[in-house]
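Undergrad: I'd like to ask you about the structure that follows.
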Ligand SMILES: *Cc1c(COP(=O)(O)O)cnc(C)c1O
């Protein structure tokens with residue numbers, strides 16, 4: 001089938017109803033193992049001589065549909081599904097490194113990715129450095145003889161700083177180092193790192209891709225060669241795979257990704273402008289704000305600014321917590337990308353594991369809050385935020 005537009009592929013790619021009794025919705029192959037017609041068939045599947053399923057930790061038809069769909073959405077060759085975003089991050093990072101290697105990482109990554117890099121250093125002597133990645137020269141200077149991965153989050157959680165993906169991919173090519181991008185905050189609808197020259201994309205599918213707050217899952221996309229290798233090593237042998245039911249929920253959620261993202265972005269833009277003007281607010285960090293230092297870069301590499309807004313309340317931690325406790329519609333919860341508007345306090349929640357000194361360097365102060373703008377009417381979200389801000 002020829003490739004269609006993004007909005008069409010998210011609904012159809014990887015599923016052929018007439019091969020499944022005409023069922024409009026794809027079947028959930030809720031099975032652990034697959035029956036071989038003969039001993040020889042089993043032998044040739046294990047030998048890789050014959051296509052076909054063996055065991056659901058290796059591959060499952062419902063999960064494979066999702067893998068084909070995400071590969072198409074990121075414009076890559078092959079997708080892999082994992083039991084969580086962190087299962088994807090760890091399978092990719094461990095798969096691309098060995099003892100003695102070095103990972104160059106953008107500043108202010110997801111808290112558990114920070115934890116994983118520490119663990120890899122302690123257990124396997126795989127070192128890492130955090131780097132702002134703001135210009136080519138400083139990246140060249142930070143690359144060592146042992147650097148085997150450049151790992152980027154953009155926008156960076158929760159400060160919304162951006163990294164110029166095309167620029168970093170250009171430098172990495174000079175050295176033949178693969179660039180891995182955690183694209184969770186944007187989803188492939190807003191940003192496609194592979195199109196900008198990066199090599200692997202990772203998602204916490206738990207967030208925008210699912211969109212309904214009912215699945216923990218991870219996805220990764222890259223070249224057929226690399227992904228097939230990872231499928232047979234860190235994915236299969238560490239074993240953090242996705243269940244068929246979760247894959248089915250994700251296939252369902254993904255169908256509405258473009259319409260949901262449009263609304264998330266529209267609501268966030270309206271709310272960011274209003275939050276910025278409120279006297280109880282110190283500053284707003286939102287890539288769609290014309291005063292945002294990297295507004296131009298956001299326009300260059302993202303289709304729209306996304307649904308996440310970070311902002312600092314005037315005052316201290318107590319003021320931030322008082323504001324949160326005054327909210328009624330907005331829910332206090334980590335995670336993002338759901339229909340419900342969610343707020344969290346990075347310093348004591350998602351980034352509590354990061355030592356205070358690093359946290360301050362990253363710009364994660366005690367007054368910083370991160371809002372995941374939901375799909376409710378923006379007027380109702382604003383009424384809620386406003387009444388809580390008025391109490392600070
Ligand atoms: C949530 C998140 C992760 C981890 O994903 P899980 O599905 O919770 O394991 C990784 N990166 C980013 C940017 C995230 O927001």
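Undergrad: Please report the antiparallel percentage of the DSSP beta bridges confined to the range 97-170, to the nearest 5.
TA: About 0 percent, rounded to the nearest 5.
Undergrad: Sticking with this one: Just for the chain, what percent of DSSP beta bridges are antiparallel, to the closest 5?
TA: That works out to approximately 55 percent antiparallel.
Undergrad: Ratio to report: Rg/Rh of the range 312-392, with Cα atoms as the point set and Rh obtained by the Kirkwood method; give two decimals.
TA: Details: Rg = 12.8 Å, Rh = 13.1 Å.
Over the Cα atoms of the range 312-392, Rg/Rh equals 0.98.
Undergrad: Output the 0 to 90 degree angle, nearest 10, between the alpha-carbon long axis of helix 165-175 and the longest principal axis computed from the alpha carbons of the chain.
TA: Once rounded, the angle reads 50 degrees.
Undergrad: If you average the C-alpha positions of the range 328-392 and of the range 191-216 separately, how far apart do those two centres end up, in angstrom?
TA: Comparing the Cα centres of the range 328-392 and the range 191-216, I get a distance of 21 Å.
Undergrad: Going highest first, how would you order 112-125, 11-24, 360-373, 342-355 by mean Cβ packing within 10 Å? Don't skip to the answer; put the middle values down first.
TA: On the way: 112-125: 15.3, 11-24: 12.0, 360-373: 21.1, 342-355: 18.3.
Highest-to-lowest ranking by the protection proxy: 360-373, 342-355, 112-125, 11-24.
Undergrad: Also, quick follow-up: Nearest 5 is fine: what % of DSSP beta bridges in the range 91-218 come out antiparallel, could you say?
TA: Values: 1 of 17 bridges.
About 5 percent, rounded to the nearest 5.
Undergrad: Here is a further query. Using Cα atoms only, what is the angle between the long axis of helix 257-277 and the major principal axis of the chain, expressed in degrees (0 to 90) to the nearest 10?
TA: Between the helix axis and the principal axis of the chain, the angle is about 20 degrees.
Undergrad: Quick one: if the Förster radius is 35 Å, what FRET efficiency do residue 123 and residue 33 give, using the C-beta to C-beta distance and rounding to 0.05?
TA: It comes to 0.60.
Undergrad: Taking every Cα atom in the range 214-312, find the radius of gyration and the maximum pairwise distance Dmax, and write them in Å.
TA: 18.8, 55
Undergrad: Right, here's the next one. Quote the FRET efficiency, to the nearest 0.05, computed for residue 228 versus residue 379 with a Förster distance R0 of 41 Å and r equal to the Cβ-Cβ distance.
TA: Numbers: r = 49 Å, r/R0 = 1.21.
Once the sixth-power term is evaluated, E becomes 0.25.
Undergrad: Could I ask something else about it? Can you pull a Stokes-Einstein diffusion coefficient for the chain at 37 °C (0.692 mPa s), Rh from Kirkwood over Cα pairs, as a whole number of µm²/s?
TA: Rounded to a whole number, D works out at 150 µm²/s.
Undergrad: For the chain, find the longest principal axis of its Cα atoms and tell me its angle to the long axis of helix 317-326, 0 to 90°, nearest 10.
TA: Helix 317-326 sits at roughly 80 degrees to that axis.
Undergrad: Which value, to two decimals, describes the C-alpha radius of gyration of the range 1-57 once divided by 2.2 N^0.38 Å?
TA: Dividing the Cα Rg of the range 1-57 by 2.2 N^0.38 Å gives 1.51.
Undergrad: Would you kindly calculate the translational diffusion coefficient of the range 110-256, applying Stokes-Einstein with the Kirkwood radius from alpha carbon pairs, for 25 °C and a viscosity of 0.890 mPa s, and quote it in µm² s⁻¹ without decimals?
TA: Answer, rounded: 148 µm²/s.
Undergrad: Roughly how far apart, in whole Å, are the Cα centres of the range 1-55 and the range 59-132?
TA: 25 Å
Laboratory data are not the source of any read-out in this text; all were calculated from the coordinates shown. What you see is a predicted model, and the numbers here were worked out from it, not measured in a lab. Reconstructed Cβ throughout: ideal geometry from the backbone, glycine too, with neighbour counts over all protein chains shown.
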